[in-house]
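Some notes on the structure that comes next.
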Amino acid sequence: MKIEIREPALNELTKIDLDQDEGIRILAEFVGTCSIATDIELHIEKMQENDSVINENGINFFVPKKSIESLPDKIFLDYKPGLGYKISSAEETFGYNFQLKYKNS
């Protein structure tokens, strides 16, 4: 899986003071009954045992195997001031208005 970080998102991510063992967790899961959707969450967390680590522009993204199966091979991470982060692919938007916080915050 590849994560393309758009410039506005990269500018915001570089402002976050992550510890050496921390990164951005991307959780994605197919949900729904009548229609199929992907539920997405973003958090600042420490790496967990079953995570795949994707390093883009020096930033670690922790993505569980189940989440990798629920997302396309390439996703885009963007940011708009006042609206937060957005995750999309060439075909669709998966989620927006994400604010990065520590999982237990």
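Note that the chain shows a convex hull volume over its alpha carbon atoms of 112 Å³ per residue. You can think of it this way: the chain between THR14 and GLU49 has 10.1 nm of extra reach, that is 0.36 nm per residue less the Cα-Cα gap.
Taking 15 Å as the straight-line reach from the Cα of LYS86, the aspartates and glutamates in range (excluding those fewer than 8 positions away in the same chain) are GLU4, GLU7, GLU12, ASP39, GLU41, ASP78.
Each value in this text was obtained by applying a stated rule to the coordinates, not by laboratory testing. All values reported here derive from a predicted model rather than from experimental measurement.
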